[in-house]
Amino acid sequence: MNENKKIRIGVVGSGRGQSMMDYCTKYGNAQLVAICDNYPPALERARRKYGDAITYYDDFETFLSHDMDAVVLANFANAHAPFAIRAMLSGKNVLSEVLPVQSMQEAVELVETVERTGLVYAYAENCCYMPSARKMREAFLQGRLGTFEYGEGEYMHNCEPDWDALTYGDPNHWRNTMSAFYYCTHSMGPMIHISGQRPVRVTGFEAPYNARMRRMGAKGAPFGVEIVTLENGALIKNLQGVGPSRNSTWFCVYGSKGRMESAREDDKGHGNVRTLFENLDTFEGENHFDGHETDTDDAISKQFEQSGHGGADDYMMYEFVQKLQGNPDADVIDVYEALDMYLPGHFAYRSVLAGGVPIDIPNLRDPAERDKWRDDATCTDPAAGENALPSYSKGNPDIPAETYEALRKKMEARDMWNQ
Ligand SMILES: NC(=O)c1ccc[n+]([C@@H]2O[C@H](COP(=O)([O-])OP(=O)(O)OC[C@H]3O[C@@H](n4cnc5c(N)ncnc54)[C@H](O)[C@@H]3O)[C@@H](O)[C@H]2O)c1
């Protein structure tokens, strides 16, 4: 490992991408060298913030010719796979924002590109690096929780107050067309990373369309639930969506030696994902029942605690940079695990469309399984044409053009591109 190697990073997408850009300017182990965005106001905003030492691009292909070690993909969530594939084919390591893919066809091509190029592909599921989730994983690795038996994750986010800024009043923005199930990895991801298990079967349950989603102009269900079976037979219940009335980011795991869970959002005395309760036996069958709050800081987390999502954002970038500096123990999420986090949602929606039947989740580590899925481009992106599914299982709701017009005006009144 070469800790003195400064990793040169280029970022595509200057909305969420600013979190990764900021990381590069803070700690000295990474350098922001290029920024790409094809929306001029977004690119200009980045130029004002990051200054003239950076090279700015409005075209992804030209950006890829820049001399850099890695590309961070923070472009549209339903466009990551083709961008990751292009980046790796031009010799760049990749950190991909959520989601990894939107179809099985993309999943097969992504896996095979990672294998063929041998480059680092890391999935930026930052919730895995939230203090409570990190400590739960550590407890399983140390054997303190015993065998993984059950996990529950929630990522419920009432996005109505900011939907105009998130979608710009564009009826076809990915946030308006995506099934509630696809954006599952913020809560499914930690469960997969903590358990170290592969998901093998899923059943999906879709909440009914609601007035909030109609006001937002979003066509998917407000939230969805997946019940997942893991390879050891253990279970996960996962709940996520952008249209509930209240927020919840919460993780809970039961092992054979006890339980760990983060604090609930309304527990004001605690910092939710920074707070962890553990209730563990020292040996199986002890039945000690002693629940108490436990420390979530570790030697390196203190410096990151001010960063987004409970300190997770910078922690995740730290691990990615460590990986590129040659640390074999860096905690990054590879392409197979990224798909283990995403495919339960993808197939949960198929389960709903098939009337609520359990569906097997493919294992794309196995080359023999890939051929079954190589040509399957099914997803809820309207651009998929004849392969496009409705965003909501009962059919896309009719949303009047005035809804989007009002959202666009609200977004313009924020003057967000000049800040
Ligand atoms: N992990 C998290 O906590 C978290 C939080 C927010 C967003 N995200 C993810 O970050 C990504 C970006 O989300 P966002 O909130 O910034 O909104 P967004 O998806 O609307 O913004 C994407 C940005 O990429 C740019 N872009 C899109 N296509 C491009 C292209 N072909 N070439 C150059 N630039 C292009 C757009 O102009 C825009 O500025 C999404 O994948 C989203 O899922 C993750």
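The values are calculated or read from the model by the stated rules, or taken from the named source; none is laboratory data. This one's a predicted model, so the numbers in the text were calculated from it and none came from an experiment. As a convention, Cβ positions derive from the backbone with ideal geometry for all residues, glycine included, and neighbour counts pool all protein chains shown.
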- Given region 1-92, what helices (runs of 4 or more DSSP H) lie entirely inside it while holding 1 or more residues that are of a type in the set (Gly, Ala, Ser), outside the structural domain of residue 183 (by TED's automatic domain parsing) and touching a Ser or Thr at 6+ places or on another chain (Cβ under 6 Å)? 40-50, 80-89
- Query: Could you count how many residues in region 199-223 are in contact with an Asp or Glu (Cβ under 7 Å, 6 or more places away or on another chain) and closer than 19 Å to residue 350 by Cα?
  - Reply: 6
- Note on the structure: In region 344-358, anything over 18 Å from residue 99 (Cα atoms) and crowded, with 20+ Cβ neighbours inside 10 Å is listed as 351, 352
- Note on the structure: Among (1) surrounded by fewer than 24 Cβ atoms within 10 Å (Cβ to Cβ); (2) away from the ligand (no atom under 16 Å from the Cβ), residue 204 falls short only on (1)
- With the checklist (1) within 13 Å of the ligand (Cβ to nearest atom); (2) touching a residue at least 40 places away in the same chain (Cβ under 8 Å) in hand, flag the one item residue 84 doesn't pass. (2)
- Go through region 189-216 and give me each residue that's without any contact (Cβ under 8 Å) to a residue 60 or more places away in the chain, within 30 Å of residue 135 (Cβ to Cβ) and part of a helix (DSSP H, G or I). 195
